[in-house]
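> Questions regarding the structure given below will be posed in turn.
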Amino acid sequence: MKSGESIRLNYREYERWKYEKFVRFVNNMLLLRDRVDLNIFQLHFDSHHVVNCDDVRTWIGYAAKNNVKVLDVNLHRYDKTVLPRCIFTCRSLEELNLKMGKAPYKDYEHEGLVLPDIIRLPSLKKLTLCDVEVDTFSLERIIARSPGLEDLHLINCAQHLELVESKVLKMLTIDGFLGRDEGLTIAAPYLIHFKCTGLPLQELTWRERPSLESAHIFASLSRSSFDGGLDFTGILLHAKSLALFGSGIKVMLEKELPTCSLFESLVTLAIGEWCLTDDLYVVLRFLQLSPRLEKLTLKHRMLNRATEGAEAKPISITGMTFQCPLLETVTIQCSKDDGEIQKSVDALVAIGISLEKIHVTFYEDIQKNLAERKRARQEGKTGRSILEKRLKRRQDWVDDSHGISDSDNDGNEMEETLGYEYDADDYF
């Protein structure tokens, strides 16, 4: 028995082909492969690609029937009848990545994919959902029927999500909300990594508080609405890496850092998304409380006085000193048109940071570098597994009229040949 294989299908790599030719290519590849379990099955279509629902059902059903462990599906232009329920009842599945794109405008009832009533994924360890409606009840079902789920990422998914409760969860991402009610409560005592964006800090509460090893939080908050009673820093004290951004973070830290304990394990800190030029109290106080800090990143944002008005009077840093003997680098990120960034550099030097350790990078260059790396990855991907190369050597299977599947009307025959039978109740 051969070890499991991987099949990666990204239609972007085959755009020069007509869609019908791509379908024949995939069907023939599945027919040619040996009947061994699948490690990974990846199916990606970009937002401008037209997807045939029957083809998608056949290919995903094939993966589920062949005991796939990792299923990675990206279908922007979806129809809610596309996905077979076997995705959510596959006993072999250990990782599911499901990115669906927003619902079409004609759907006034839902913004994202609606999860089925029956969810049973006993082997699932990691779940990533994007543009899939997840409320408190549906998440409770997922967690209850996936006892090994440790890694959960919800991207533009939270739809009236009020509670995340798990005794097993170790990593949690909540990035964007489709709709909010009275806030979000997290009861995950063994959580070690947490990422959250798009939620005002005062709407986030903790039950059975964890001790995080890393956190990435972007939070907005009005100064008047924060009463200082959250003790938010308590869950961050043992973290090795922190990324804390936004006005809500700034207000919270100004309230809590004066009486906060040491961040004895903190090695990497990224902080900001407010105007740092004349307001360095939070940064300096963090330096005082982080004796093992090695890398500091400051994200500076110019104050738009036309839309934001003048910020509150900054807290004075006169007389404040710190000891960070392990500090190696301080990186300031800002816009190229920021004419006051030199003031920030001078202020850091004035509080005792060596000029040689300070580096300035521009957001525009960061975005350009990210785009170049993404393009390089795409160009570097051959998109050809061993199975695809084998099929390429027999290209007549795709182009020759004698290929196994060269008719647009032989879908039922192909389903039977691939070994996956449709059930009327298997789709939603």
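The values are calculated or read from the model by the stated rules, or taken from the named source; none is laboratory data. Here the structure is a predicted model, which means the values were calculated and not measured. Because the Cβ atoms are built from the backbone with ideal geometry, glycine has one as well, and the counts that use them run over all protein chains shown. Please note that ligands, DNA and RNA were not included when accessible areas were found on the heavy atoms of the full protein model with its side chains. Shrake-Rupley method; radii C 1.70, N 1.55, O 1.52, S 1.80 Å.
> Return the FRET efficiency for the residue pair Glu328, Met302: r is the Cβ-Cβ distance, R0 is 30 Å, and the value is rounded to the nearest 0.05.
After rounding, the FRET efficiency stands at 0.65.
> At 7 Å along Cα-to-Cβ for each site, give me the label-to-label distance between Lys374 and Asp346 in nm.
About 3.8 nm separates the two model spin labels.
> Show me the ranking of peptides 151-162, 114-125 by mean Cβ neighbours inside 10 Å, starting with the highest.
Output ranking for 151-162, 114-125: 151-162, 114-125.
> Something else: Once the Cβ-Cβ distance between Asp34 and Asp151 is put in as r, and R0 is 41 Å, what FRET efficiency do you end up with, to the nearest 0.05?
Here the calculated transfer efficiency is 0.85.
> Give a residue-ordered list of calculated ³J(HN,Hα) values for region 199-205 (Karplus: 6.51 cos²θ - 1.76 cosθ + 1.60, θ = phi - 60°; whole Hz; x for Gly, Pro).
10, x, 4, 6, 8, 9, 10
> Just order 278-289, 361-372, 11-22, 207-218 by mean Cβ neighbour count inside 10 Å, highest at the front, would you?
Order by mean packing, descending: 278-289, 207-218, 11-22, 361-372.
> If I stretch the segment between Ser214 and Thr361 completely, what's the gain in nm (0.36 nm per residue apart, minus their alpha carbon distance), one decimal?
Taking 0.36 nm per residue and subtracting the Cα distance, the gain is 50.5 nm.
> Please report the spacing between the Cα centers of region 236-277 and region 198-217 in Å, no decimals.
Using only Cα atoms, the two centres lie 13 Å from each other.
> Checking the table Lys167/Lys250; Lys255/Lys299; Lys69/Lys374; Lys65/Lys170; Lys313/Lys343; Lys65/Lys125 against a 24 Å threshold on Cα-Cα, which pairs fail?
Lys167/Lys250; Lys69/Lys374; Lys65/Lys170
> Using amide H atoms built in the peptide plane, which far-off residues or other-chain residues are under 5 Å from Leu199 H to H?
Ser220
> For region 149-216, give the percent of accessible area contributed by carbon and sulfur heavy atoms, probe 1.4 Å, rounded to a whole number.
Solvent-exposed carbon and sulfur of region 149-216 make up 48 percent of the total.
> Express in whole angstrom the spacing between the alpha-carbon centres of region 1-71 and region 121-190.
28 Å
> How do 60-73, 133-146 rank on mean C-beta neighbours within 10 Å, highest first?
Put in order of decreasing packing, that is 60-73, 133-146.
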